[in-house]
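Q: Sharing a structure below in structure tokens format, with a few things to ask.
The values are calculated or read from the model by the stated rules, or taken from the named source; none is laboratory data. All figures in this text were calculated on a predicted structure; none of them were measured in a lab. Because the Cβ atoms are built from the backbone with ideal geometry, glycine has one as well, and the counts that use them run over all protein chains shown. For the accessible areas, the whole protein counts, side chains as well, though only heavy atoms, and no ligand, DNA or RNA atoms are used. Shrake-Rupley method; radii C 1.70, N 1.55, O 1.52, S 1.80 Å.
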Amino acid sequence: MNRLSHSSPHQGADRAGKPALADLYPTHLETVGQRFSAALETAGFDAVAVFAGSPHGWFLDDQDYPFQINPHFKNWLPLLHAHDSFVAYVPGQKPVLVYYQPEDYWYLPPAPPSGYWTRHFEIRIVRHTEDAKGALPGARRCAFLGEWQERFKSWGFADVNPETLLNQLHYARAAKTGYELECMRQANIISAKGHRAAEQAFHAGASEFEIHTAFCAACGQTDDELPYHAIIALNEHAATLHYQYREREKPARRHSFLIDAAAQVNGYAADVTRTYSAERDEFQALIDALDKEQQALGKKVRPETDFKTLHLEAHHAIARLLHDFDFVRLPPGESVTKGISSMFLPHGLGHLLGLQVHDVGGLMASPRGNLIPKPDGHPYLRNTRVLKENFVTTIEPGLYFIPSLLEKLKAGPHSRHVNWAKVDAFRKFGGIRIEDNVVARAAGPENLTRDAFKTM
Ligand code: GLY
Ligand code: MN
Ligand code: MN
């Protein structure tokens with residue numbers, strides 16, 4: 001990341017042989033404009049005002065939670081800290097940035113706009129939040145898009161977050177522009193650096209807290225800048241899918257380490273998980289076997305692949321491992337149909353990725369907002385779409401030893417098929433997840449994460 005990440009975008013000029021973000025941005029902006037124009041026309045509006053959002057305060061306090069910008073705002077330009085600003089767009093006209101830049105000596109105001117994107121906007125600076133009203137372009141029917149506040153009631157918007165508009169935008173953004181893909185490539189390279197540092201810290205005997213600190217330092221991103229709360233789990237903590245703490249104490253014995261943590265570039269996320277064993281033991285053999293299955297699944301990320309089918313293939317892969325490592329004494333197909341594989345893999349194979357880590361639109365059947373149902377018995381799958389060119393999805397199969405699910409399995413009708421002595425011996429490892437970010441391409445998938453680790 002650039003040093004002044006509070007203000008200026010990642011320029012991306014530092015990667016030999018790859019077009020810089022500055023060169024890719026104009027085409028990106030054109031695509032965003034086209035998508036908004038089409039959506040506004042269908043929804044019956046002649047303009048949109050995309051509100052960046054305002055910081056939220058703590059209850060009974062004068063401090064704010066870390067600010068998170070409206071994803072629709074950062075779709076237009078690489079500004080992550082521009083609270084109370086607007087991007088206003090009238091199809092056919094240059095987009096307007098109404099940029100809130102207060103005079104303030106308590107907090108550093110957003111910096112003057114600079115960088116490759118500025119010449120594409122008409123920029124109007126306002127010093128007070130109320131002045132934005134007069135700076136927005138006049139339009140007969142302007143839709144408001146963002147977090148609504150009562151103070152906007154008198155501003156004359158025709159509608160607030162109209163569903164017909166949002167559905168079209170959410171459906172379209174699954175396919176990434178060249179600029180977005182390059183942001184995500186770079187986010188993966190930064191993430192890989194963080195992962196390498198975290199792995200070294202684990203093998204050197206660090207605590208979860210120390211590993212997390214090493215990860216952030218190697219990424220050059222603070223906790224607040226990461227695209228999601230990093231999961232840093234030693235031993236049985238890996239059995240909690242979104243384990244949220246960072247233990248300061250080192251465990252008496254270390255068996256395993258699961259890290260699900262990543263960086264972002266210009267508001268585009270990476271989402272990366274790796275799992276390690278402390279020894280060259282059977283748990284490491286299980287990790288290696290799952291890694292092979294994960295890579296095979298990643299190779300199927302292509303246009304026209306139905307993600308529901310791929311998710312079910314992942315269950316068959318997990319069932320094979322359960323059989324081959326003698327956890328479950330049943331043919332793999334039966335483990336799947338009996339719901340046993342779901343006790344070891346209780347989440348979806350993956351999700352769309354981009355402006356948000358769990359990007360919107362993964363269940364949409366069309367731009368009209370109707371949904372594609374999840375397969376029966378798979379309530380946590382977040383992507384049921386058929387992949388198209390330049391969709392970016394995570395591929396993140398897992399195999400866990402989760403106490404509450406194992407109790408359920410033990411109490412149920414299929415308990416006798418389980419080798420409990422073996423399962424019990426693996427509880428101390430918590431579980432395994434391996435997660436890559438993959439671009440669907442007719443010419444063959446681009447695995448952003450594997451490519452990034454290869455550059456280390
Ligand atoms: N990091 C959350 C997830 O993998 O979906
Ligand atoms: Mn994920
Ligand atoms: Mn993840």
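Q: Would you list the P(r) distribution for segment 73-215, with all Cα-Cα distances sorted into 5 Å bins from 0 and each bin expressed as a whole %?
A: Here the calculated profile for segment 73-215 is 2, 7, 13, 15, 15, 13, 11, 9, 7, 4, 2, 1, 0.
Q: Could I ask something else about it? Counting only protein heavy atoms and using a 1.4 Å probe, what share of the accessible area of segment 70-116 belongs to carbon plus sulfur, as a whole percent?
A: 58
Q: Highest mean first, how do 132-145, 348-361 rank when packing is the count of other Cβ atoms within 10 Å averaged over residues?
A: Sorting 132-145, 348-361 by mean packing, highest first, produces 348-361, 132-145.
Q: Moving on to the next point. Post the alpha-carbon centroid distance, segment 278-338 to segment 19-79, in whole angstrom.
A: Cα centres, segment 278-338 to segment 19-79: 38 Å.
Q: From the square roots a ≥ b ≥ c of the eigenvalues of the alpha-carbon gyration tensor of segment 295-449, which class results: rounded (a/c under 1.5), prolate (a/b over b/c), or oblate?
A: Cα axes put segment 295-449 in the prolate bin.
Q: Percent antiparallel among DSSP beta bridges with both residues in the chain, to the nearest 5?
A: The antiparallel proportion sits near 75 percent.
Q: Next question, about the same structure. What does the accessible area per residue of the chain come to in Å², with a 1.4 Å probe and no ligands, DNA or RNA counted?
A: On a per-residue basis, the chain sits at 44 Å².
Q: Within straight cross-link reach of Lys74, meaning Cα distance under 21 Å, which lysines are found once same-chain residues fewer than 8 apart are removed?
A: Cross-link targets: Lys94, Lys133, Lys176.
Q: Separate question: Hey, rough spin-label estimate for Phe152 and His128, points 7 angstrom out along Cα→Cβ, what's it come to in nanometres?
A: Going from the Phe152 label point to the His128 one covers 2.1 nm.
Q: Round to a whole number: what % of the accessible area of segment 134-210 belongs to carbon and sulfur, probe 1.4 Å?
A: It is 50 percent, rounded to a whole number.
Q: Separate question: Number of Lys pairs in segment 384-434 with C-alpha atoms less than 27 angstrom apart, excluding same-chain neighbours closer than eight positions?
A: Pairs that pass both the separation and distance tests number 4.
Q: Mean separation of Cα pairs under 8 Å and 6+ residues apart, divided by the residue count of segment 21-88: what relative contact order is that in percent?
A: Once divided by the residue count of segment 21-88, the mean separation gives 32 percent.
Q: Distance from the Cα centre of segment 371-413 to that of segment 101-173, in angstrom?
A: Rounded to whole Å, the Cα centres lie 37 Å apart.
Q: With an 8 Å Cα cut-off and a minimum separation of 6 or more residues, compute the relative contact order for the chain in percent.
A: Relative contact order here is 15 percent.
Q: Right, another one. Counting only other residues whose beta carbon sits under 12 Å from that of Ala317, what net charge do I get with K and R as +1, D and E as -1?
A: Result for the neighbourhood of Ala317: -1.
Q: Ranking request for peptides 264-271, 219-226: highest mean number of other beta-carbon atoms within 10 Å first, then the rest in descending order.
A: Those peptides, ordered most packed to least, come out 264-271, 219-226.
Q: Can you list the DSSP H helices in the chain whose Cα atoms extend at least 30 Å along the helix axis and whose mean Kyte-Doolittle hydropathy is -0.5 or higher?
A: Once both thresholds are applied, what remains is 21-43.
Q: When the helix-only estimate is applied to the chain (DSSP H runs of n ≥ 4, each -39,500 (n - 2.57), divided by the residue count), what is the mean residue ellipticity at 222 nm, nearest 500 deg cm²/dmol?
A: -10000 deg cm²/dmol
Q: Can I ask one more? Leaving ligands, DNA and RNA out of it, report the carbon-plus-sulfur percent of the accessible area of segment 365-437 at a 1.4 Å probe.
A: The computed percentage sits at 58.
Q: Give me the percent relative contact order of segment 105-201, please, defined on Cα pairs under 8 angstrom at least 6 residues apart.
A: 16
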